[in-house]
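Notes follow once the structure below has been shown.
The values are calculated or read from the model by the stated rules, or taken from the named source; none is laboratory data. Quantities reported herein were computed from a predicted structural model and do not represent experimental measurements. So basically every Cβ, Gly included, is an ideal-geometry build from the backbone, and we count neighbours across all protein chains shown. Surface accessibility is based on the protein's heavy atoms, side chains included, excluding ligands, DNA and RNA. Shrake-Rupley method; radii C 1.70, N 1.55, O 1.52, S 1.80 Å.
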Amino acid sequence: MPDSTDPIAELAASDAAKRNLAARWFYRRGCQLAERATQSWREDQTFAALLEGLPTVGIAVFPQTFDRIRQANGAPRLADVPPDQDAKEFELHCKDSQLDILTTRDPGGSGAIAKFLDKFGEGIQQVEYFVRDVDRATEILRTRLHIQPIYPLTRAGADGTRVNFFLAADPQGQKVLIELVQKAGA
């Protein structure tokens, strides 16, 4: 864990080493939780063959925190998020980690990020797995592993991606939101 008692604040530190340490801490923590919760998914050879690259850990933060983290990290490009998702996000790539920093456009609103922040505060909101075909991956999880998606149909995601979400639990019952993401044009 970062030296600070507030690892979210460390993502906006002026010292790049502190920011990298905090990002790595969140990344490892999110990946460990997701790996435990999706072990049976990844053991299915057909599903595993659809996975691409490394996961990305999504961190939900309040709007003012979002702005501080973004400025401290060189103002990365904002993703083009569909308006119905009530979210703002940018990617944060540090040494050993890939994060999406997320916030709501409407604090106190009814969007998923606003609800998460209201209920849990700032922290790991989701872990994203990139897949070659999100429809096929969703179908495998639904029919072979009997895991129901949050949305019955794949939907538009940030920057032209296609996505679906699943609420998964690790063996101890700790839940994590898993987002399956198919890159734009794939």
Review point. Is there any pair linking a residue in segment 28-43 that is at negative phi to one that is modelled with pLDDT of 95 or more and in a helix (DSSP H, G or I), with Cβ under 7 Å and at least six apart or on different chains, and which?
Key: Trp41/Phe47; Trp41/Leu141; Arg42/Ala48
Practice item. Would you check if Ala23 is of a type in the set (Gly, Ala, Ser), assigned to a helix (DSSP H, G or I), under 19 Å from Leu145 (Cα atoms) and within 18 Å of the chain's Cα centre (by Cα)? Key: no
Practice item. Determine, yes or no, whether Ile124 is open to solvent by 20 Å² or more (accessible area, probe 1.4 Å) and either basic (Lys, Arg) or assigned to a loop (DSSP other than H, G, I, E, B) (or both). Key: no
Practice item. Return a yes/no flag: does segment 91-107 have any residue that is open to solvent by 10 Å² or more (accessible area, probe 1.4 Å), over 17 Å from the mean Cα position of the chain (by Cα) and over 20 Å from Ala156 (Cα atoms). Key: yes
Study note, to complete from the structure: Ala22 vs (1) closer than 30 Å to Pro171 by Cβ; (2) without any contact (Cβ under 8 Å) to a residue 40 or more places away in the chain; (3) out of contact with any Cys (no Cβ under 9 Å at 6 or more places or on another chain): all pass except (3)
Check your understanding: Within segment 60-71, is even one residue open to solvent by 10 Å² or more (accessible area, probe 1.4 Å), in contact (Cβ under 8 Å) with a residue 24 or more places away in the chain and of a type in the set (A, V, I, L, M)?
Key -> no
